[in-house]
Amino acid sequence: MRILVINGPNINMLGIREPEIYGTQTYDDLCRIVKAHAARRGIEAELYQSNHEGNLVDKIQAAYGKMDGIVLNPAAYTHTSIAILDAVKAVGIPTVEVHLSDLSGRESFRQISYVRAACIKTITGHGIGGYLEAIDYLMDEVL
Ligand code: DQA
C-alpha cells in the first residue's frame, strides 16, 4: 500500500509562518510524524511539497498507476486551482483533502475549495494529526 502526501505552497514554512494559526512544528516534523504513522500501519508514505501549482499537478499525474491513495493539502491553491481539481479527477485515486487550520472560522476567500469536489473526505483544523486521520481513513474505510 502506497500513499502520497502532497503539500502546497508555504507548508515548507511551518514553524515559522503564523505559528498562532499553524503551530510551531516544522515541515520536517510533519514528515517525520507522518512517516512514523505510516510505518506503524505497515504502509509506505511518500511526502512531496511544492510552492508551484504545475509541480503539484505533475506529481498528482505521476501517481497514476503507482499510488493507492493521496492525502492532499493544496494550501492556498485550494481556493484557486481548477488545475489541481482536474488532476485529482484525472487520476481517479482516492484523495483526502487536509488542512491544518480550521477553515470554517477563517476569511471568506478560504471557504471555497475547488479540489473538494474530487475528494472523498475533508479534514480541517486538526493540525498535523489531520494527516494521520486521513491515512487511517484511506486504509480503514477505502482501500
Ligand atoms: C491551509 C489553509 C489555506 O487557506 C492556506 O492558504 C494554507 C494552509 C491549512 O493547512 O490550513 O497555506 O491549507
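The values are calculated or read from the model by the stated rules, or taken from the named source; none is laboratory data. Please read these numbers as outputs of a predicted model, since none were measured by experiment. Neighbour counts run over all protein chains shown; Cβ positions are idealised from the backbone, glycine included.
A few remarks follow.
- Residue ranges of helices (runs of 4 or more DSSP H) in region 1-111 with at least 2 members among the aliphatic types (A, V, I, L, M): 27-40, 53-62, 82-91
- Looking across region 54-79 at every residue that is without any contact (Cβ under 8 Å) to a residue 40 or more places away in the chain and within 12 Å of Gly8 (Cα to Cα), the one that is nearest to the ligand (Cβ to nearest atom) is identified as His79.
- Count of residues meeting criterion [more than 14 Å from Ala62 (Cβ to Cβ) and surrounded by fewer than 22 Cβ atoms within 10 Å (Cβ to Cβ)] in region 1-16: 8
- Selection of region 82-112 for residues being over 25 Å from Arg2 (Cβ atoms) and of a type outside the set (D, E, K, R) yields Ile82, Ser101, Leu103, Ser104, Gly105, Ser108, Phe109, Gln111, Ile112.
- Restricting attention to region 80-101 and to residues that are within 16 Å of Leu14 (Cβ to Cβ) and without any contact (Cβ under 8 Å) to a residue 60 or more places away in the chain, the residue that is nearest to the ligand (Cβ to nearest atom) turns out to be His99.
- Comparison of Tyr137, Tyr114 shows that the only residue that is within 19 Å of Asn10 (Cα to Cα), more than 10 Å from the ligand (Cβ to nearest atom), under 15 Å from the mean Cα position of the chain (by Cα) and among the aromatic types (Phe, Trp, Tyr) is Tyr114.
- Among residues of region 18-33, those that are in contact (Cβ under 8 Å) with a residue 40 or more places away in the chain and over 17 Å from Pro74 (Cα atoms), counted: 4
- The single residue among Thr122, Thr80, Thr95 that is at pLDDT 95 or above, hydroxyl-bearing (Ser, Thr, Tyr) and more than 15 Å from the chain's Cα centre (by Cα) turns out to be Thr80.
- Residue under evaluation Gln61, criteria (1) of a type outside the set (A, V, I, L, M, F, W, C); (2) surrounded by 15 or more Cβ atoms within 10 Å (Cβ to Cβ); (3) in contact with a helix residue (DSSP H, G or I) (Cβ under 8 Å, 6 or more places away or on another chain), criterion not met: (2)
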